[in-house]
Amino acid sequence: MSLSQYTGLINDSDLPAEIKTILLRLATDYALAQQNRKEIVQDSLPLFKQLVFLVQKQFKTPYIFAPYHKAIREPINYQLFGVEFFRSFVDMDRSTLSDADNLKQIEVHLQRGDNVVLFSNHQSEADPQILYLLLEKKYLHLAQEMIFVAGHKVTTDILAAPFSMGCNLICIYSKKHIDFPPELKLAKQRHNQKTMKLMGSLLKEGGKCIYVAPSGGRDRRNSKGVIDIAPFDAQSVEMFRLIASQAKTTTHFYPLALATYDILPPPAEVESKLGEERKAQYSPVHLSFGKEIDMNHFPGNEETDRHKKREVLAQHIWSLVNNAYQQFP
């Protein structure tokens, strides 16, 4: 499929110039990814045409996400759209899924009505779709029903929203963005409080698998160009531990390490504004589901100061994720 066909769709749209610029860059990367794919390539133009249509739809009539958003699968299957769109960027032959035995145990927990919380790092806007792609063959139900704790940017950016509409989301304002703008800080805090109560209700129901990045954002390259696993926020970890304990239904905690950075890297710096540039590429990805975390007995749990103990636990969980990450090819 020629690049001109993709760009023609964008130029013929009635989107603002800055959005067209972002889409034109993405179109170039999308066309290149199609050329690099090893498997048989289907006609990809309809998928990109659908993206332009959905972005226009979001621009004209923004979809408002509820605090708990369930993946939309009809009349448009947004979940399938997002998965198929990003399939073009994932080199499945060189991708890896490690520690499958822990995944099997997670499924056992969920099948008997327990909950699972995945403490993970976060690297790409496409992480939910990439998780789906690596899980779909053997763990399709888990891939379809996983719930993601999502910051406001993926629900308000008009390019991200169509993909977010295909995910199960618990929508919050992340710590990195809650102070901007200052006049909305209180309203954002109240929103987060209501959302956490709602999450408690979900855990009480049982059978839920929730992905959360305690860092509150995506990993980025440091001054030496190396991708750092962003530190985990102790308050975030403690909040999930506390809500889970109050829900009464048994909740299991697992570390998840993922390497998805190259598919759709974040901007070099954390941005408050919407409409960030997208630079995507064809790349392998890697996932590792670690062993269940003992939230009561861990290195340093003898610490008597509760605040320091929370910091120690968050650091311990981060180290589990970071150590697994360092093992990726």
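The values are calculated or read from the model by the stated rules, or taken from the named source; none is laboratory data. Remember, it's a predicted structure, so these values are computed and weren't measured experimentally. All Cβ positions, glycine included, derive from the backbone under ideal geometry; neighbour counts span all protein chains shown. Calculation scope for accessible area: heavy atoms of the full protein, side chains included, ligands and nucleic acids excluded. Shrake-Rupley method; radii C 1.70, N 1.55, O 1.52, S 1.80 Å.
Things worth noting here:
- Measuring r between the beta carbons of residue 205 and residue 96 and using R0 = 25 Å, the FRET efficiency lands at 0.15.
- Across the range 123-168, C-alpha contacts under 8 Å between residues 6 or more apart give a mean separation that, scaled by the residue count, equals a relative contact order of 34 percent.
- Contact order normalised by residue count of the range 188-329, Cα under 8 Å, 6+ apart, percent: 25
- Nearest-0.05 FRET efficiency for residue 319 and residue 239, computed from C-beta distance (R0 30 Å): 0.90
- Helix runs (DSSP H) in the chain reaching 24 Å along axis by Cα, Kyte-Doolittle at least 1.0: none
- Among the listed values (i) -0.43, -1.43; (ii) -0.37, -1.54; (iii) -0.37, -1.34, the one computed from these coordinates for log10 I(q)/I(0) by the Debye sum over Cα atoms at q = 0.08, 0.16 Å⁻¹ is (ii).
- Packing-based order for 117-126, 145-154, using average beta carbon neighbours within 10 Å, highest first: 117-126, 145-154
- 222 nm mean residue ellipticity, helices alone, for the chain (DSSP H n ≥ 4; -39,500 (n - 2.57); rounded to 500): -13500 deg cm²/dmol
- Percent RCO, i.e. relative contact order, over the chain, from Cα pairs under 8 Å lying at least 6 residues apart: 24
- With the convex hull of its Cα atoms as the shape, the range 232-322 has an orientation-averaged projected area of 8.3 nm².
- Springs join every pair of Cα atoms under 10 Å in this Gaussian network model of the chain, and among 310, 220, 112 the largest mean-square fluctuation is at 112.
- Residue 248-residue 59 FRET efficiency (beta carbon distance; Förster radius 41 Å; 0.05 resolution): 0.40
- DSSP beta bridges fully contained in the chain are about 30 percent antiparallel.
- The label-point distance for residue 187 and residue 11, in a model that sets each label 7 Å from Cα toward Cβ, rounds to 4.0 nm.
- Surface listing: 298, 53 arranged by accessible area from highest to lowest gives 53, 298, probe 1.4 Å.
- Over the range 22-96, accessible surface divided per residue gives 53 Å², non-protein components excluded, 1.4 Å probe.
- Each part gets one Cα centre, and for the range 1-70 versus the range 76-107 those centres are 21 Å apart.
- Protein heavy-atom surface of the range 65-172, 1.4 angstrom probe: 51% of the accessible area is carbon and sulfur, with nucleic acids and ligands not counted.
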